[in-house]
Structure formats: structure tokens, C-alpha cells
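Computed from the coordinates by the stated procedures, all read-outs in this text should not be read as laboratory data. Everything quoted here is computed from the prediction, not taken from an experiment. Here the Cβ positions follow ideal geometry from the backbone for every residue, glycine too, while neighbour counts run over all protein chains shown.
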Amino acid sequence: MFSLRRRRRLVLMGVPLLGALLLWLYTHPQTGLQTQTLAKEALRHSAERSGTLVMRPSEEWVPLLEATRQEEVWHEELTGGALEGELNRRRAHIASATSHSWKAYVKFAWGHDELLPLSSSSADAFGGLGATMIESLDILWLLGMKREFGQVVKWVADFDFNRDVNVSVVETSTRIMGGLLSAYQLSEQKALLIKAEELAHRLIRAWDTPSGIPCGMVNLARSACANVEEPVTLAQAGGEQLEFAVLASLTGNATFLQKVRKAIQHLETVDPDMGLKPAAISLTTGQATMQSYGLGRVSGDFYQYLLKAWLVTGKADGRSRAMWRQAMDNMLAALMFASSPSRLKYIADFDRGAVQHQSDVSACSIPPMLSLGIRTKAVAGQKALQYAMLTRDLAYACWRLYANHETGLAAQSVKFSPGADFKATARSHHLDPQGMENMFVLWRATRDSRYQHWGWSIFNALVTHCKVDRGFAGLVDVQAGGAKVDVMPSHWLGATLKYALLLYSPQEMLPLDQWVFSSQAPCILTSVMNSQSEMDGQSAF
């Protein structure tokens, strides 16, 4: 079995020969044995010229370079696009779901991280920092729920972060600090920025490790790492950079920026010829603790943040853009596959020397990321065309992760199997936002009404299967339906419903050329650092 690095090298040897052929295949949709044979012969010829053979899976597996454009049967589009009256009706339904969820949270879980809707109680999965209310600030503002927004701002202003609890650095940075910064940029309520900075001072010592990679957990009262001996995931190592960079710009405190910059600079040196970075990293050495790579839950946010950091710094952060492009090239060359029989595109994982044909619902965030790279010219020319075709195919595959199940909702994880496309391996659903994010961003980017249609199907499935008397709850089994998971995750209001609202709102509401969305969906102005992309005479990263 070839290593991931060798597979990437061998596939890329064929790029000069295959470039024109690939573009022709993408722009001339054909099916049949002749087209597939041409692609296979091109690969074989490229490999034989190098004196070795390309690693090929069994005949049932179809890597990207051998795949042709699949025949797709799309759902019927709304005639002439959704009319304004229909858009208003859909926004009203989403506002109703928001109000229903918010009232239940206020009554049974106010001040806590998450509502337990079945037991009418609460849970503190993120240290008891009021995650649901802080993550909900955006949608409360967008829906004009200013009284509710003001109540949360008052609670935040009075809250004391001096708490003897261990919290996840990445979750607290993206959910709590990110939520505060996003709401501040929308409302200019100074108390939100003050509390974001206060929290950041308690988190910043997470970067005081031998490698400069942040530890995974921090004790807020002591402002110190709680687990310095444990490795961290890639998302933990570099998934906080956007929030800290923005805070540095808004406050003028360069320390926040310097800490984050050190970690990203180090990560650039880890497996530099690979593009993709290892999924687990030692705090002591800063090197991989296992040879696992991919764009799933433990890694995907890191790559999104590379691209978004480049944008938030006014495109001054060349390092992040270069790292992102190299990672995407590696992904295309080594981890892109198509299922059988439907030829759904998906991105596999690589773990301990072997490709793992598995994925999870977070894969639905990849098409929006690629779309963002195209629209902002992070890639151009033939590569942009390839990304555009891939974005469309992955967006459709995301939709199938929902539509293939009886409830119309996506399972947490799936495994791709020859002849069966995919089967759920973790069958629960937790009101995840990635599917709705996919539909929102692709609709804004393409104005193709199928994404609004698919998004409405997902929303209806959520209302049908997940609405309960006191809010919304996840499902135990997306095939069987019925049994619920007793938690309304904080991302339900702050991300899933917000993306649903934006999907049916005018483009002037958070336009994508002015705002980017962080991993937990707080929105950040792309211009926030344009006038301050350099601090202390140095590049932002």
C-alpha cells in the first residue's frame, strides 16, 4: 500500500498530461465506457512513464481522475424562482421556529449552555458560559428581536468569567468569543467587545506551550492549561486564529495576533510537502502523533480558517492562502473519490497508511469553502473551473446525505460501500448546521433555486421530526425517526436557523462580499482588518 504522500506525488505526475482531458470531461458531460476508458488509459500512461504504477483501488471504487460527470436527477425547481410572497412565508416559518426555541431556552435553561427539551432542564457542555444565548445574538438581531437581544447583552455585561472550570479553547474561542465579536460588529454594543477581550485574556495562555501550539483545555480562573500532556487535534491547534486576529484589530492589542501567528507559522513547517496537516499534534514537539489526514470534524475547521484569515486581513495574509491552496491540491490528488452506483463525490480520510472511505456531516461545509475560494479569487483559471465543478458535485452529495434517509435528515457519519453508495455508521442527528450552510452559500453564489428547494426540504424535515413542546431535539436514528436526543444544541439557533433565515432573505442581509462566517457561524466583517492588516510593521500572520 502506497503512502498518502507517494500517492499524491504519483497522481500529480499525470497532471500535465491530464489537464486538458479533465477540463474537457468536466465541460462535455458524457457517460459510457469510452469516456471512462480514455481517463484510465491516461492515468496508466502517466504512471508507466514514471516507471511505477498509480495506486488504484478495486474496480468498484472510482477516484476523481477516473470519474465522469454523473447523471443527476434534480428536484423540480420552483417555477421562476421563489416569489417574494413565498420567501416571506418561509422567513415567517423560520422566525416561528426561532421564537419557539428561544422561549423554551429562556424558560428552562436561561444562563446555561444548552436546553434539555425533553426533561425541561439544562446542561453546561461548554463550562456554563451561556453558549446558546451568546451564539443566538446574531439571529435575534437579524429578526429584529431587539428586546431579547438587549436582555442577553445585559446578562453578558454582568457575567464573570473568573470561574474555576476547564473549558475547550477552540469551542470557547469560536462559540463564545466569536459570538460576542459578531454581535458587537452588528450592534456596536461596547459591552460585548469588552467581555470578548476579558475572555481572551483568560484563554491566551493556552499558547504558552513548548511548541506554541495551544493546549486543548484552559482553566478560566487560573488562566492556565489544564492538559499540557495531551495532543490536540488540528482544529484545536489552528482553529482559533480568526477570532483572535479580529480581536487584535478591534482592540489594538497585538499580543493576541502574535500568539496565533506563532502557531500558524509552526504548523506551516509540519509535513510541508504534504499540504494536508496531521489530525493530531503533540504540544511538546509540535509534530504529528499519528499519520491521519482529512477534512472531517477534527481537521476541517483549520482549512476553512486559513482561507478566511486571508480574507479578513484584506488578502494580506499570503501564508494562509498558500497553505490553503496546497491543502486543497493535496485533497484533490489523494482523497477525492466517487461512490457507486450513483457516483457521488466525497472526500475520504487517510489513517495509518490506508484510505478510509468514510465521511461525516461536516463534509457539507466543504462546498461553501471551495465556493468562497473561487469567488474571492484564491484560485483562478483552470483550477477555479475544476473547483466550481467539484463544488457543484459535493453540494449535491451533501443533499443526498439528507435525502437518502427516511426522515430527510443527515446521519452523523457514513461509510461508502461498493454498490450501495453509503450507509450510516452513526445514525443520530443533532440539528447540525452544515447542510443548511451548504444550501445558503451555494444559493448566494449561484442563484440556482434548487438550493433553496433542498434547504426547504431540510427545514421541513427538522420541523416534522425534531420539534417538541419545549424547543427542538435531535434524533436517535435518522432512518427510524421517533426517538429523540434530549438536547437542543447551542448551534441550533446560532447557526442552523440563522443559515435557514439567510437562505430566504435578500442578499443585502450579511452579503458574502462583506462578511465571512466562522466555524460556529458567527459573522465577521471582512473589512475589519483591511486598514490594520499590518501591526508593528509585520504581516498579519
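Taking the highest mean first, how do the peptides 130-141, 114-125, 85-96 order by number of other beta carbon atoms within 10 angstrom per residue?
Values: 130-141: 26.5, 114-125: 18.2, 85-96: 14.9.
The peptides rank, most packed first, as 130-141, 114-125, 85-96.
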### Message
What are the ³J(HN,Hα) couplings of region 266-281, residue after residue, when phi is run through the Karplus curve with 6.51, -1.76, 1.60 and θ = phi - 60°? Round to Hz, x for glycine and proline.
### Response
5, 4, 4, 8, 7, 6, x, 8, 8, x, 5, 9, x, 6, 9, 9
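Going by average Cβ density within 10 Å per residue, which order do the peptides 315-324, 150-159, 224-233 take, highest to lowest? Spell out each step's value before the answer.
On the way: 315-324: 20.5, 150-159: 16.1, 224-233: 17.7.
The densest-packed peptide leads the list: 315-324, 224-233, 150-159.
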#### Entry: Cα coordinate range in region 447-486, projected on the principal axes (Å, largest first)
37, 22, 12
### Task
Please list the non-local residues whose amide H lies under 5 Å from the amide H of residue 292, H modeled 1.01 Å from N, same-chain partners needing a gap of 5 or more.
279, 280, 352
### Message
How big is region 145-273 along each principal axis, measuring the range of its Cα positions in Å and listing the largest first?
### Response
51, 30, 23
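Report the percentage of all Cα-Cα pairs in region 280-361 whose separation exceeds 19 Å, rounded to a whole percent. Provide the component values of the computation, followed by the final result.
Numbers: 1601 of 3321 pairs.
Every Cα pair in region 280-361 considered, those over 19 Å come to 48 percent.
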### Query
Once phi is turned into ³J(HN,Hα) by the Karplus curve 6.51 cos²θ - 1.76 cosθ + 1.60 with θ = phi - 60°, what whole-Hz value does each residue of region 346-353 show in order, with x for glycine and proline?
8, 10, 7, 9, 10, 9, 6, x
#### Entry: Cross-link reach list, lysines versus residue 146, counting only Cα pairs under 20 Å and skipping chain neighbours closer than eight places
103, 107, 154, 190, 195, 498
### Query
Label points 7 Å out from Cα along the Cβ direction at residue 509 and residue 86: separation in nm?
1.7
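Given 308/345; 308/383; 262/383; 423/467, which pairs have Cα atoms separated by over 21 Å?
On the way: 308/345 24 Å; 308/383 19 Å; 262/383 30 Å; 423/467 25 Å.
Listed pairs above 21 Å: 308/345; 262/383; 423/467.
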### Query
Which ³J(HN,Hα) values, rounded to whole Hz and listed in residue order, are derived for region 168-178 from phi using the Karplus coefficients 6.51, -1.76 and 1.60 in 6.51 cos²θ - 1.76 cosθ + 1.60 with θ = phi - 60°, glycine and proline given as x?
5, 5, 5, 5, 5, 5, 7, 7, 7, 5, x
### Query
Using modelled backbone amide H atoms (1.01 Å from N, in-plane), which distant-in-sequence or interchain residues come within less than 5 Å of residue 356's amide H?
349, 350, 351
### Under-5 Å amide H pairs with residue 165, H placed in peptide plane, nonlocal only
220, 221
